[in-house]
Amino acid sequence: MSIRHGLLALLEHGPRYGSQLRTEFESRTGATWPLNVGQVYTTLGRLERDGLVGQSGEDGAGHALYAITDAGRAELRTWFEKPVDRTSPARDELAIKLAMAVGAPGVDIRAVIQSQRRHTVKAMQDYTRLKAQALAALEDTASRERDDVAWLLVLEQLIFQTEAEARWLDHCESRLIRLSATAVAPAPSDTASASAAVEPGHGPGAPHAPGAGAGGGGEAGGSGGRRGARAGGRGR
Amino acid sequence: MTTPLAAQPVLRLQNLTRVHGSGATEVHALRGIDLDVHPGELVAVMGPSGSGKSTLLTIAGGLDAPTSGQVIVEGTDITTAGLKELAALRRRSIGYVFQDYNLIPALTAAENVSLPRELDGMSARKARVEALAALEEMGLGHLADRFPDEMSGGQQQRVAIARALVGDRRLVLADEPTGALDSETGESVLALLRSRCDAGAAGVLVTHEPRFAAWADRVVFLRDGAIVDQTVRSEADSLLTGRVADA
Ligand SMILES: Nc1ncnc2c1ncn2[C@@H]1O[C@H](COP(=O)(O)OP(=O)(O)OP(=O)(O)O)[C@@H](O)[C@H]1O
Ligand SMILES: [Mg+2]
């Protein structure tokens, strides 16, 4: 996520000091991507070096104020106009994990999928509850606060993103069931060929009841320690 | 659970099994389901096609009988209840949204919604007023006097939902209630279901859509007729904290 451009966008509303920028950034995005003041000042330093912001005196309380420059405004326009690049996808730990789980000895890939699904759906439940609260708050206040609207958009982005992941997991599971009827051939370099089948114990053409891996559910509860890894992992 | 729940569940399924057919064509649609749904709770049931979701719901609603096990609604075991008692329970306490709407073609939208109330002894006038309010809540007030075949799929679905929610139903069972709805309308249906549960009803929602299931307090995963996993919702306060910031 671009802190640089986020800060420029806030500075376009007028000069700000560091911790003020941090507070405003977080109230826009509901603290989904928390910033520390150090990051804000480091980023301001770089923006200043690049001529996109300049120091502009102090406020009454002695805070050093920063203001956007014309070059900064131009940079901001370009940022809004240009689509965010999706052609060089950020590394995704889950995709890598599932890719590695295919044929990994002693790994029940469907258990991996189910434990992720539980975690992902639970995250969606949490986001959805926050969204319901945000919607209620927006209905309550006649004057729609800009920050509340921004926060709702961010939450819905998180919901759609986790939804895509949950759907993809469902798809992976049915894909694997389909494919397990015809065993996956081991890669040429793989000497431990016996363990390479998607579902150990099912030979080629073995009869396979739909959803036969019901045991793949794994233990209930204990939703894993990866909270936050998804939403926070979109760095750029 | 996050909210304190009353001691007695509105719906209790105990060791429920359902076998369709026999011999070579035998299908074990449900294999030992245990599920409690408490007042105020919305439970979503997810699972692949054929995993037994509709079977579970029809049995919970007293529309089909289990092969073994118990179905207890508001303290009454409906597998042993008399026909009359069961019918009354279904009219008064249970709201049911079918996967295929199941509206009566010869009745208007308003008549479809008010029928169960009239059968229950409510005056036609009062039942109509109530039905119009329920349709209004679904954004269908203007279609009250249309017949099902004069409405779109999504509109029929919303009439079916109004029918299930009208009156003070303690248990609302909904089988893919959002199937024919666009994303926005589906969402408003879920918000309504959610608010009914927040007001004290118990709800069971069958859905393929994770985004709609996410409105539930608990999501139950069904595979091959068995519950293989479930989630609970955490405290919102604990959410979105402790995330690692990345520059
Ligand atoms: N009347 C019936 N006779 C025989 N088998 C049946 C009958 N009703 C359902 N089944 C079988 O029981 C299993 C569970 O069916 P059910 O309708 O509960 O699935 P579902 O999870 O609701 O699926 P979907 O998502 O497609 O609606 C399936 O294998 C189905 O073929
Ligand atoms: Mg079904």
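The values are calculated or read from the model by the stated rules, or taken from the named source; none is laboratory data. Bear in mind the structure is a predicted one, so any value in this text is a computation, not a measurement. Heads up, the Cβs are rebuilt from the backbone with ideal geometry, glycines too, and the neighbour counts pull from every protein chain shown. All accessible areas refer to the heavy atoms of the entire protein, side chains included, with ligands and DNA or RNA removed. Shrake-Rupley method; radii C 1.70, N 1.55, O 1.52, S 1.80 Å.
Could you compute the net charge surrounding B:Leu119? Neighbours are other residues with a C-beta less than 13 Å from the C-beta of B:Leu119; K and R count +1, D and E count -1. Local charge sum for B:Leu119: +3. Residues B:Ser49, A:Ser2, A:Ser88, ordered by accessible area of protein heavy atoms at a 1.4 angstrom probe radius and largest first, appear as B:Ser49, A:Ser88, A:Ser2. Within 10 Å of the Cβ of each residue in A:114-123, the mean number of Cβ atoms contributed by other protein chains is 5. Sequence-distant contacts, meaning Cα pairs under 8 Å at least 6 residues apart, place the relative contact order of chain B at 28 percent. Surface composition of region A:3-81: carbon and sulfur make up 50 percent of the accessible area, probe 1.4 Å. Partners of B:Lys126 within straight-line reach, counting lysines whose Cα lies under 30 Å from its Cα and excluding those fewer than 8 residues away in the same chain: B:Lys84. Of the options B:Ala191, B:Ala127, B:Ala144, report the single residue whose Cα projects farthest towards the positive end of the charge dipole of region B:75-211 (beta-carbon charges: Lys, Arg +1; Asp, Glu -1). Going by the Cα projections, it comes out as B:Ala127. Note on chain B: GNM, Cα springs under 10 Å; of B:Gly75, B:Gly154, B:Gly23, the largest mean-square fluctuation is that of B:Gly23. When A:Glu12, B:Glu176 are compared by accessible surface with a 1.4 Å probe, the order from highest to lowest is A:Glu12, B:Glu176. Taken per residue, the accessible surface of region A:84-159 reaches 52 Å², heavy atoms only and a 1.4 Å probe.
To the nearest 10, the accessible area of B:Leu143 is 10 Å² with a 1.4 Å probe. With a 1.4 Å probe and all protein chains left in place, how much of the accessible area of region B:7-233 comes from carbon and sulfur atoms, in whole percent? C and S fraction of accessible area: 50 percent. Chain A packed on chain B takes about 3300 Å² of accessible surface away from a 1.4 Å probe, both sides summed. Is region A:3-81 best put as rounded, prolate or oblate by its Cα gyration tensor, with a ≥ b ≥ c the root eigenvalues, rounded for a/c under 1.5, and otherwise prolate when a/b is larger than b/c, oblate when not? In terms of gyration-tensor shape, oblate.
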